[in-house]
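So the structure is just underneath, and the comments pick up after that.
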Amino acid sequence: MSRLATSASTAADAEGAPVGRRRVVAIATVLAAMAMAVLDAGMANVALPSLARAFELPPSDAILVITAYQTGLVMALLPLGALGERYGHRRIFRVSVAVFGTASAVAALAPDFLWLVAARFIQGTGAAGIMAVGMALLRFTVANGQLGRAIGWNALNVALASAAAPSLATLILAAVDWRWLFAVSSLIAIGTLIGARSLPATLRSRAPLDLGSIGLSACMFATLIAAAQTATADLRTAMILLAVALLALGLLIHREAPKAAPLFPVDLLRSESFRLSAIASICAFAAQTAGLVALPFRLQQQLHQTPLATGLCLTAWPLSVAFAAAIAGRLADRASTAWLGGAGLAAGLAGCAVATQAAAVAPAVALAGFGFGLFQTPNNRNLFLSAPPRRSGAAGGLQGTARVTGQAAGALMMTLLLGQFALEPALTLGFAAAAAFALAAGVVSLRRIQLTAKDVGAF
């Protein structure tokens, strides 16, 4: 059913992973691409006021730059994960980086706002390919027993990029035009493409592409995003869009269920270990996003902090995630991932609870960030090891989908609360909901302790 693609390089160990300098370059290449996507998204958020002024738009229209990117990202995650299994993860990675870099250049040169929005959508599809196959490539790059450490490196990398993005964007905007934000991503993409020659060849599936399933997947996620965007303004339309999304999901599952390597990974979700890891990830990211949306309002409007003080306080979150990831990466290959994930989410739960106390917001933010960082690495390791190597692309696609789904759920929940309640009760309910999501993720993570060893896949 599978064949090993030939490699242009021969520097590989007995497991097929690159060795020596080639391994270092391969790992650095994947991490650079991941950081590029995170930096670009973070810098674009900071640039919204500049874009609104440059194109003479209201802020609500400028947000289309963010929405277009997110739409392209979520629509393409599962299809590009499947394409990675069909044509090789390395090839899809290189194409995705090239698409991202080209779209970044188009965004930098955009003559009007519609060009910029279109370029951002294409950037999102490129980012989806990087995220869908990036972790699969790391799985085939590191030696057996080091996947947890590699995932920890990636979590550290992403957290540092998230922390650096606002400051880097501010420095660029203070010195030059907003267009340079996207030009920077284009330059990083060129360097990443050069390093991609060191990436390992991976297993390829002979399964034919199903364009109908790809269309259903794109329809499902597009209508879900549209439903989330319209929920506060037009609930009836949002419910219709949600019904369309659920119908597309049902048809997709019905179409894909009989296949050996389905686009929507029904086969992987039959594994309880994989399924629990995905659910825990959705809940954890919903908790994290809800907390990060609520915190600026609490700091600035309730505690009367300056924007600078708010930014410094929020920076404690990704820095704590990075610190935890450095620890969790080593522990995940040696200790129980269920206990590590449960301990991390207990810390996250405590942080969400303490964040309601005025005197302890900054420590609470650091504690919550540390907890979620401690959770993510072992949970992602368990998710990937619950999937056979030939399904690494599908696992990567679903991991990204779970993350984006959780983030969307947390943001939508806070949007609805802020729209329906006064600020103080909305924030109280928001932190309570974030804590509830963290608790649910912790319970799901600890449930894995009861699983038998045979349910957890191996390399």
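The values are calculated or read from the model by the stated rules, or taken from the named source; none is laboratory data. None of these values were measured; they are calculated from a predicted model. Cβ atoms come from the backbone with ideal geometry, glycine included; neighbour counts cover every protein chain shown.
Can you give me the number of residues within segment 201-231 that are farther than 14 Å from GLY81 by Cβ and among the polar types (S, T, N, Q)?
The number of residues fulfilling the criteria is 3.
Go through the residues of segment 70-88 one by one and say whether even a single one is more than 26 Å from THR401 (Cβ to Cβ) and surrounded by fewer than 24 Cβ atoms within 10 Å (Cβ to Cβ).
Scanning segment 70-88, I find no residue that is more than 26 Å from THR401 (Cβ to Cβ) and surrounded by fewer than 24 Cβ atoms within 10 Å (Cβ to Cβ), so the answer is no.
Mind listing just one residue for me: the one in segment 141-182 that is without any contact (Cβ under 8 Å) to a residue 24 or more places away in the chain and outside any loop (DSSP other than H, G, I, E, B) and, of those, farthest from ALA324 (Cα to Cα)?
ALA175
Please tell me if ALA426 is among the hydrophobic types (A, V, I, L, M, F, W, C) and within 21 Å of the chain's Cα centre (by Cα).
No, not satisfied.
Take the residues of segment 13-53 that are surrounded by fewer than 18 Cβ atoms within 10 Å (Cβ to Cβ) and over 27 Å from ALA165 (Cα atoms): which is modelled with the highest pLDDT?
ARG21
Taking the criterion of being touching a helix residue (DSSP H, G or I) at 6+ places or on another chain (Cβ under 6 Å), in a helix (DSSP H, G or I) and buried (at least 22 other Cβ atoms within 10 Å of the Cβ), would at least one residue in segment 109-116 satisfy it?
There is at least one residue in segment 109-116 that is touching a helix residue (DSSP H, G or I) at 6+ places or on another chain (Cβ under 6 Å), in a helix (DSSP H, G or I) and buried (at least 22 other Cβ atoms within 10 Å of the Cβ).
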